[in-house]
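The values are calculated or read from the model by the stated rules, or taken from the named source; none is laboratory data. Everything quoted here is computed from the prediction, not taken from an experiment. Cβ placement follows ideal geometry from the backbone for every residue including glycine, while neighbour counts extend to all protein chains displayed. Ligands, DNA and RNA are stripped out before the accessible areas are found, and what is left, the full protein with its side chains, is counted by its heavy atoms. Shrake-Rupley method; radii C 1.70, N 1.55, O 1.52, S 1.80 Å.
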Amino acid sequence: MKIIVIGATGTVGKAVVEQLGQRHEIVAVGSSSGQYQADIADIAQVRAVFEKIGKVDAVVVAAGQLAFAPLAEFTPEQFRVGLDSKLMGQVNVAQVAQDFLNDGGSITLTSGIVADQPIRNGASATMVNSAVEGYARGAAIELPRGLRINVVSPTLLTESLDSYGPYFRGFETAPASRVALAYSRSVEGAQTGQVYKVW
(Lines give C-alpha, C1' and ligand atoms only; values in the text may rest on other atoms or scores of the structure.)
Protein backbone atom coordinates (compact mmCIF):
# COMPACT_ATOMS: atom_id res chain seq x y z
CA MET A 1 0.00 0.00 0.00
CA LYS A 2 0.95 3.63 -0.46
CA ILE A 3 0.25 5.47 2.79
CA ILE A 4 0.42 9.18 3.63
CA VAL A 5 1.45 9.82 7.24
CA ILE A 6 0.82 13.40 8.33
CA GLY A 7 2.86 14.32 11.39
CA ALA A 8 5.42 11.70 10.42
CA THR A 9 8.26 13.21 12.46
CA GLY A 10 6.32 13.51 15.72
CA THR A 11 6.54 10.93 18.50
CA VAL A 12 3.48 8.99 17.35
CA GLY A 13 4.17 9.61 13.67
CA LYS A 14 7.68 8.18 13.83
CA ALA A 15 6.38 5.00 15.48
CA VAL A 16 3.62 4.70 12.86
CA VAL A 17 6.15 5.11 10.05
CA GLU A 18 8.38 2.48 11.63
CA GLN A 19 5.47 0.05 12.05
CA LEU A 20 3.79 0.48 8.65
CA GLY A 21 7.01 1.17 6.76
CA GLN A 22 8.03 -2.45 7.22
CA ARG A 23 5.33 -3.49 4.76
CA HIS A 24 4.21 -0.42 2.83
CA GLU A 25 5.40 2.67 0.97
CA ILE A 26 5.23 5.71 3.27
CA VAL A 27 4.84 9.31 2.13
CA ALA A 28 5.84 11.60 5.03
CA VAL A 29 4.05 14.95 5.42
CA GLY A 30 4.75 17.54 8.10
CA SER A 31 4.13 21.18 8.84
CA SER A 32 7.81 21.96 8.28
CA SER A 33 9.49 18.59 7.62
CA GLY A 34 8.96 15.37 5.68
CA GLN A 35 8.79 14.80 1.92
CA TYR A 36 5.91 17.30 1.65
CA GLN A 37 4.82 20.19 3.87
CA ALA A 38 1.35 21.46 4.70
CA ASP A 39 -0.46 23.29 7.48
CA ILE A 40 -3.50 21.02 7.88
CA ALA A 41 -5.53 23.92 9.28
CA ASP A 42 -5.49 25.33 5.72
CA ILE A 43 -7.55 23.09 3.44
CA ALA A 44 -5.97 24.66 0.33
CA GLN A 45 -2.53 23.49 1.49
CA VAL A 46 -3.93 20.03 2.22
CA ARG A 47 -5.45 19.77 -1.26
CA ALA A 48 -2.21 21.00 -2.88
CA VAL A 49 -0.18 18.28 -1.15
CA PHE A 50 -2.63 15.53 -2.14
CA GLU A 51 -2.55 16.75 -5.74
CA LYS A 52 1.25 16.45 -5.74
CA ILE A 53 1.21 12.96 -4.21
CA GLY A 54 -1.69 11.55 -6.22
CA LYS A 55 -3.64 8.37 -5.51
CA VAL A 56 -2.97 6.51 -2.25
CA ASP A 57 -4.38 3.60 -0.29
CA ALA A 58 -4.43 5.08 3.22
CA VAL A 59 -4.00 8.33 5.11
CA VAL A 60 -2.93 8.60 8.74
CA VAL A 61 -3.07 11.88 10.67
CA ALA A 62 -0.91 12.07 13.80
CA ALA A 63 -0.86 15.86 13.98
CA GLY A 64 -2.77 18.75 15.50
CA GLN A 65 -2.16 21.32 18.19
CA LEU A 66 -4.08 21.94 21.41
CA ALA A 67 -3.96 24.67 24.06
CA PHE A 68 -4.02 23.89 27.78
CA ALA A 69 -5.07 26.42 30.43
CA PRO A 70 -7.36 26.72 33.47
CA LEU A 71 -11.00 26.92 32.37
CA ALA A 72 -11.56 30.30 34.08
CA GLU A 73 -8.70 31.80 32.05
CA PHE A 74 -9.35 30.11 28.71
CA THR A 75 -9.68 32.63 25.89
CA PRO A 76 -11.58 32.22 22.62
CA GLU A 77 -8.20 32.41 20.86
CA GLN A 78 -6.91 29.47 22.90
CA PHE A 79 -10.03 27.43 22.08
CA ARG A 80 -9.47 28.22 18.40
CA VAL A 81 -6.02 26.57 18.49
CA GLY A 82 -7.50 23.10 18.97
CA LEU A 83 -10.59 23.77 16.86
CA ASP A 84 -8.57 25.02 13.88
CA SER A 85 -5.65 22.60 14.15
CA LYS A 86 -6.51 19.28 15.76
CA LEU A 87 -10.20 19.24 14.84
CA MET A 88 -10.64 21.06 11.52
CA GLY A 89 -7.10 20.18 10.45
CA GLN A 90 -7.93 16.48 10.63
CA VAL A 91 -11.39 17.04 9.14
CA ASN A 92 -9.75 18.94 6.25
CA VAL A 93 -7.48 15.96 5.57
CA ALA A 94 -10.35 13.48 5.73
CA GLN A 95 -12.55 15.56 3.43
CA VAL A 96 -9.82 16.03 0.81
CA ALA A 97 -8.53 12.45 1.10
CA GLN A 98 -11.82 11.04 -0.19
CA ASP A 99 -10.93 12.28 -3.69
CA PHE A 100 -7.48 10.69 -3.66
CA LEU A 101 -8.00 7.34 -1.92
CA ASN A 102 -8.25 4.19 -4.01
CA ASP A 103 -11.40 2.08 -3.54
CA GLY A 104 -11.37 0.39 -0.15
CA GLY A 105 -8.84 2.89 1.22
CA SER A 106 -8.76 4.17 4.79
CA ILE A 107 -8.43 7.33 6.86
CA THR A 108 -7.08 7.17 10.41
CA LEU A 109 -7.37 10.20 12.70
CA THR A 110 -6.05 10.81 16.23
CA SER A 111 -7.94 11.82 19.38
CA GLY A 112 -6.73 11.06 22.91
CA ILE A 113 -7.66 9.65 26.29
CA VAL A 114 -8.96 13.00 27.55
CA ALA A 115 -11.97 12.60 25.25
CA ASP A 116 -13.17 10.12 27.90
CA GLN A 117 -11.09 11.01 30.94
CA PRO A 118 -10.83 14.79 31.37
CA ILE A 119 -7.89 16.46 33.08
CA ARG A 120 -7.40 19.87 34.68
CA ASN A 121 -6.61 22.59 32.12
CA GLY A 122 -7.88 20.25 29.40
CA ALA A 123 -11.45 21.41 28.60
CA SER A 124 -10.42 22.28 25.04
CA ALA A 125 -8.60 18.97 24.59
CA THR A 126 -11.64 17.00 25.80
CA MET A 127 -13.93 18.99 23.52
CA VAL A 128 -11.72 18.65 20.44
CA ASN A 129 -10.87 14.96 20.89
CA SER A 130 -14.56 14.12 21.43
CA ALA A 131 -15.44 16.05 18.27
CA VAL A 132 -12.81 14.21 16.21
CA GLU A 133 -14.37 10.90 17.29
CA GLY A 134 -17.87 12.19 16.54
CA TYR A 135 -16.85 13.28 13.06
CA ALA A 136 -15.37 9.87 12.29
CA ARG A 137 -18.49 8.02 13.46
CA GLY A 138 -20.66 10.28 11.33
CA ALA A 139 -18.42 10.11 8.29
CA ALA A 140 -18.10 6.32 8.46
CA ILE A 141 -21.72 5.75 7.41
CA GLU A 142 -21.46 8.05 4.39
CA LEU A 143 -18.06 7.34 2.86
CA PRO A 144 -18.33 5.96 -0.70
CA ARG A 145 -16.41 3.21 -2.53
CA GLY A 146 -15.73 1.07 0.52
CA LEU A 147 -13.64 3.81 2.15
CA ARG A 148 -13.13 3.42 5.89
CA ILE A 149 -12.40 5.88 8.71
CA ASN A 150 -11.26 5.19 12.27
CA VAL A 151 -9.70 7.07 15.18
CA VAL A 152 -6.84 6.09 17.49
CA SER A 153 -7.19 7.39 21.06
CA PRO A 154 -3.87 7.01 22.90
CA THR A 155 -3.13 7.60 26.55
CA LEU A 156 -0.09 9.68 27.47
CA LEU A 157 2.93 8.35 25.59
CA THR A 158 5.76 7.01 27.71
CA GLU A 159 8.09 9.12 25.57
CA SER A 160 6.12 12.28 26.43
CA LEU A 161 6.11 11.78 30.20
CA ASP A 162 8.73 14.47 30.83
CA SER A 163 6.79 17.07 28.85
CA TYR A 164 3.18 16.29 29.80
CA GLY A 165 3.45 14.17 32.94
CA PRO A 166 2.32 16.97 35.29
CA TYR A 167 -1.03 17.13 33.46
CA PHE A 168 -1.56 13.36 33.71
CA ARG A 169 -0.88 12.38 37.33
CA GLY A 170 -1.98 8.81 37.96
CA PHE A 171 -2.39 7.91 34.28
CA GLU A 172 -0.68 4.83 32.89
CA THR A 173 1.48 5.57 29.88
CA ALA A 174 1.89 3.56 26.69
CA PRO A 175 5.02 3.39 24.53
CA ALA A 176 4.67 4.86 21.04
CA SER A 177 5.45 1.44 19.54
CA ARG A 178 2.32 0.01 21.21
CA VAL A 179 0.21 2.97 20.10
CA ALA A 180 1.45 2.44 16.53
CA LEU A 181 -0.13 -1.02 16.49
CA ALA A 182 -3.59 0.58 16.69
CA TYR A 183 -2.81 2.59 13.54
CA SER A 184 -1.75 -0.64 11.85
CA ARG A 185 -5.03 -2.21 12.91
CA SER A 186 -6.97 0.69 11.42
CA VAL A 187 -5.03 0.79 8.15
CA GLU A 188 -4.66 -2.95 7.59
CA GLY A 189 -7.90 -4.14 9.18
CA ALA A 190 -11.49 -4.05 7.94
CA GLN A 191 -13.43 -2.04 10.50
CA THR A 192 -14.82 1.47 10.13
CA GLY A 193 -16.27 4.06 12.50
CA GLN A 194 -14.16 2.67 15.36
CA VAL A 195 -12.20 4.37 18.12
CA TYR A 196 -9.17 2.26 19.01
CA LYS A 197 -8.29 3.08 22.61
CA VAL A 198 -4.69 2.45 23.66
CA TRP A 199 -4.82 2.99 27.41
Quick one: in the stretch 49-100, which of the residues that are polar (S, T, N, Q) and surrounded by 20 or more Cβ atoms within 10 Å (Cβ to Cβ) is farthest from ILE119 (Cα to Cα)?
ASN92
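Within the stretch 123-152, restricting attention to residues that are open to solvent by 40 Å² or more (accessible area, probe 1.4 Å), touching a residue at least 40 places away in the same chain (Cβ under 8 Å) and small (Gly, Ala, Ser), which residue is nearest to SER184 (Cα to Cα)?
Residue satisfying both the conditions and the ranking: GLY146.
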Just one of the numbered conditions (1) closer than 22 Å to SER124 by Cα; (2) not in a loop (DSSP other than H, G, I, E, B) is not true of GLU18; which one?
(1)
Helices (runs of 4 or more DSSP H) wholly in the stretch 78-177 with at least 3 residues that are among the hydrophobic types (A, V, I, L, M, F, W, C) - which ones?
88-97, 123-140
ARG120: closer than 19 Å to LYS2 by Cβ, surrounded by fewer than 21 Cβ atoms within 10 Å (Cβ to Cβ) and not hydrophobic (A, V, I, L, M, F, W, C), yes or no?
no
Among the residues of the stretch 161-199, which ones are open to solvent by less than 20 Å² (accessible area, probe 1.4 Å) and hydroxyl-bearing (Ser, Thr, Tyr)?
TYR183, SER184, SER186, TYR196
Which of the following residues is without any contact (Cβ under 8 Å) to a residue 24 or more places away in the chain and open to solvent by less than 80 Å² (accessible area, probe 1.4 Å): VAL29, VAL17?
VAL17
